[in-house]
Structures are given as structure tokens and as C-alpha cells.
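Take a look at the structure below.
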Amino acid sequence: MSSLAGQNNSTIVEFLRKYGLALSMILVISALHYLTPHGGVHDHSTHTTSSPWWANLHGIYRRLYYFPIILAAFRGGPRGGELAALLVIALYVPHATGRIGHDPGSPTEKFLEMGLYLGVGMVTGILVGRINAARQRLQTTAVDLQAALDEKTAVEAELVRSARLAAVGRLSAGLAHEIRNPLASIQGSAEVLGDDFPPEHPKGGMFRIMLEETARLNQVLTRFLAFARGEPGDSAPFDLGAEAAAVQQLLIHQPDTAPVKISGPDNLMALGNAEQIRQVLLNLALNATAAAGPEGQVTLQWERDGGLAVCRVRDSGPGFSDDAAANFGTPFFSTKQGGTGLGLATSLRIVEDLGGTLGIDPEHTSGGGIILTLALAT
């Protein structure tokens, strides 16, 4: 019962808020009709009756009824205008017909006026309805335009990022090419000189180390060139938690850095390139430890979310500024002293090439947070 009473009170309040002023005007004008005298003054010497000046006020009152009708139409459309017109007629008919007081106007004038009340209420309501519909269309158009502008801004930002990545790729390819040529010469020379020493000779062992390291550098350059050309690594099922644990072990002996804590289920198999994802997680963890400082906290958490493998890298640092968030993954933008921003840009490109996503974690508000998603291995 209390709920029903509350709803009724709310309905009444809403009705009065919408039509209260128009209703008050109708009641005031009707009261003026009824209370204004209408009788004439009879002159016995000339046997004529003259109307006093106040009798002309009834004609003004009839015109004043248009204001609340128009107001009600603006507040409630055709329905509001018609209801106000019907209420005016209901209150005016007893006075117009002489049942309560008397309007000295002619019957034709009074009944035509009542017809105009209905017409004005309907026409005003229809026009107001069209105005409101046009306003709604304009608001919808404004929302669509804003969405288009936001999309245009996002596309422009992506084009800028892609152009910078392309420039970085061309520069990286050139540097890798220039390094590979002397590296090949070093490797060939080591092979020739190594033939002069047997395997058990100390210098022979040094030449083997030289050959192994040049081969390793050559593999690094090959991967670097593949990235510069935008070639994604081979995708295969891998244990996301194992890669996060490997990153923790790599950072465990780093001096003056916050310890990295890990948590998540065992055997969460994601689809991607394990070596590249380890590179991404290592880069994100290094950024997180730098932001948190030696006394801060850094966590790597992974979980299953529907058909996705999710890894969150969070720290207790200052978080992302508005400028940093807007330039997330943009090459050559960095908030670190001496930073180039290439690490995060490289990580973003690797993840996107593997069909995943990398972005700011909106759920982490007490520091910096990045969320990495990859498809689950089936």
C-alpha cells in the first residue's frame, strides 16, 4: 500500500510540475469571469441601459484563456493542449450560458471562441511535437557526429603510431643490415682462425665461444629484421603462467628494484609465440618496477576469462597520466628520463600481430596497470 501511495504521489507531483502553471492560470481567469460584474445601468429618463466599463473585461478574459492552452501544449504536446482547451470550455460554458454569472458577449462570439480553444490547443501541440522531434533528431545527429569525430581522432592517432612504427622499422632494418655484414666477417674470420687450434687448446675454446656468440647475435638480428618487416612469430600453445614465472626469475636479482609477485592457475595454455610474449612481459615488468621504485609493489596475475587468456601487470607507482594514456604505445613518447617509448610500442605491435590486445587496465586505479589478452589454446 505504501508503495502504491508513493507512486500516486509521484504521479501527482509530476503532473503539477508539468501543468501546474497552466492550471493555475485557467482557474484564475475563470474566477475573474465569475467575479466581474456584468449588469448594466438603466437610465429611467431615457429608458436606455448602458454597460459599465468593467463589462468589457469579459472579452479580454476570453482571450486570456489562450495563454494557458498554449503553455499546456508546449508542456504536453497535442494531448496537453487539448486537455487544457477542454478544461477551459468546461469552466467557461456555465458562465457563457448564464448559469453562473453572465458574459455579455454574443452567443456566436462565445461559441466560436470555444472552437478556437480546441483548434489552438491541437495546432500548437502538433507544432510543439514537431519541434521536439526535430530537436531529438538534432541531438541524435550531434551524438553521431561526436562519435564520428572520436573515431576520426582514434584513426588519426593510429595512423601516426603506424607511421612512427614504420619509420622505426626502416631504421631498425638498416641498422640490422649494417651490423650483420661485419658480424658475418667476424664469424668467418673466427672459423678460419679456429682451424689453427685443436679443440683442447685454450684459444680453440675461445674461438668456439666467439662462433657461438656470433651465431646467437645473428639469430637476434634475424628476429629483429622479422619484426621490422612486421612478420609475427609462429603461434603455438604455450603456458602463460610459465612465461610469467620465467620473467620473475629474470628480475629476481635485479638491484634496487621492487620484487615481482606472480599468481594464477597452473597450465593456462594461450595461443601465441612464447618467446615473443616473454619479451613483452619482461618489458612490461621492467617498466612496472621502474614506476614502482625499490619500495613499491609489482604483480603479474594471469587468469582465464571466457575464451581468452588474460595477464595483468600492475604496480604501485603513480599510474598513467592523461597524456601518457592518450599516447599509449606511441613510439618516441616516454615519461621516463631518457626513455624512447620503443619498448611499449614494440610490445603492442607484437601482441597485435599475434591477434591479442594490450592496453591500460581500467580496473587498477591505485597505480599503473596493463592488461594483456590472448586467445586460449584449444
| request: Pull up the stretch 108-125, narrow it to residues that are of a type outside the set (D, E) and under 16 Å from I60 (Cα atoms), then point me to the one that is surrounded by the fewest Cβ atoms within 10 Å (Cβ to Cβ). | output: L112
| query | Any idea how many residues of the stretch 64-82 are within 42 Å of the chain's Cα centre (by Cα) and hydrophobic (A, V, I, L, M, F, W, C)? | reply | 5
| message | With free of Cβ contacts under 8 Å to residues at least 40 places away in the same chain, touching a helix residue (DSSP H, G or I) at 6+ places or on another chain (Cβ under 9 Å), at negative phi and part of a helix (DSSP H, G or I) as the only criterion, which of V93, V88 stands out? | response | V93
| query | Going through the stretch 73-85 one residue at a time, which ones are at positive phi and buried (at least 21 other Cβ atoms within 10 Å of the Cβ)? | reply | none
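Residues are listed down the side, and each one gets a yes or a no for (1) surrounded by fewer than 20 Cβ atoms within 10 Å (Cβ to Cβ); (2) touching a Phe, Trp or Tyr at 6+ places or on another chain (Cβ under 7 Å); (3) under 20 Å from T346 (Cα atoms); (4) in the same structural domain as G355 (by TED's automatic domain parsing):
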{"position": "A244", "(1), (2), (3), (4)": "no, yes, yes, yes"}
{"position": "T257", "(1), (2), (3), (4)": "yes, no, no, yes"}
{"position": "V260", "(1), (2), (3), (4)": "no, no, no, yes"}
{"position": "D266", "(1), (2), (3), (4)": "yes, no, no, yes"}
{"position": "N273", "(1), (2), (3), (4)": "yes, no, yes, yes"}
{"position": "V280", "(1), (2), (3), (4)": "no, no, yes, yes"}
{"position": "G293", "(1), (2), (3), (4)": "yes, no, no, yes"}
{"position": "D305", "(1), (2), (3), (4)": "yes, no, no, yes"}
| Any hit, the stretch 45-55, residues being surrounded by fewer than 12 Cβ atoms within 10 Å (Cβ to Cβ) and at pLDDT 80 or above | no
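Name the one entry in G293, G264, G306 that is on the phi > 0 side of the Ramachandran plot and free of Cβ contacts under 8 Å to residues at least 24 places away in the same chain.
The conditions single out G306.
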| field | Filter result for the condition that a residue is farther than 21 Å from I371 by Cβ, at pLDDT 80 or above and within 41 Å of the chain's Cα centre (by Cα), over A236, A215, A245 | value | A236
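Filter the stretch 345-358 down to the residues that are more than 11 Å from Q279 (Cα to Cα) and either at pLDDT below 85 or over 23 Å from the mean Cα position of the chain (by Cα) (or both), then identify the one that is surrounded by the fewest Cβ atoms within 10 Å (Cβ to Cβ).
To start, the set of residues in the stretch 345-358 that are more than 11 Å from Q279 (Cα to Cα) comprises 345, 348-349, 352-358.
Those left that are additionally either at pLDDT below 85 or over 23 Å from the mean Cα position of the chain (by Cα) (or both): 345, 349, 353-355.
Working: A345: 22, R349: 22, D353: 17, L354: 22, G355: 13.
It comes out as G355.
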| message | I'm trying to understand the selection: among the residues of the stretch 1-14, which are at pLDDT 80 or above and either surrounded by 11 or more Cβ atoms within 10 Å (Cβ to Cβ) or among the polar types (S, T, N, Q) (or both)? | response | V13
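Yes or no: V128 at pLDDT 75 or above and surrounded by 12 or more Cβ atoms within 10 Å (Cβ to Cβ)?
Details: at pLDDT 75 or above: yes; surrounded by 12 or more Cβ atoms within 10 Å (Cβ to Cβ): yes.
The answer is yes for V128.
State whether one or more residues within the stretch 96-104 are over 30 Å from I131 (Cα atoms), assigned to a helix (DSSP H, G or I), over 53 Å from the mean Cα position of the chain (by Cα) and at pLDDT below 90. So that I can check it myself, show each step before the final result.
Quick first cut of the stretch 96-104, residues over 30 Å from I131 (Cα atoms) only: 96-104.
In the following step, the residues that additionally are assigned to a helix (DSSP H, G or I) were identified as 96.
Filter once more, so that each one left must be over 53 Å from the mean Cα position of the chain (by Cα): 96.
From the residues that got through so far, the ones that are at pLDDT below 90 too are 96.
Yes: the stretch 96-104 contains one or more residues that are over 30 Å from I131 (Cα atoms), assigned to a helix (DSSP H, G or I), over 53 Å from the mean Cα position of the chain (by Cα) and at pLDDT below 90.
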| Residue in the stretch 359-378 that is farthest from the chain's Cα centre (by Cα), counting only those that are small (G, A, S) and part of a loop (DSSP other than H, G, I, E, B) | A377
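The values are calculated or read from the model by the stated rules, or taken from the named source; none is laboratory data. All values derive from a computational prediction rather than experimental measurement. Please note: Cβ atoms are built from the backbone with ideal geometry, for glycine as well, and neighbour counts cover all protein chains shown.
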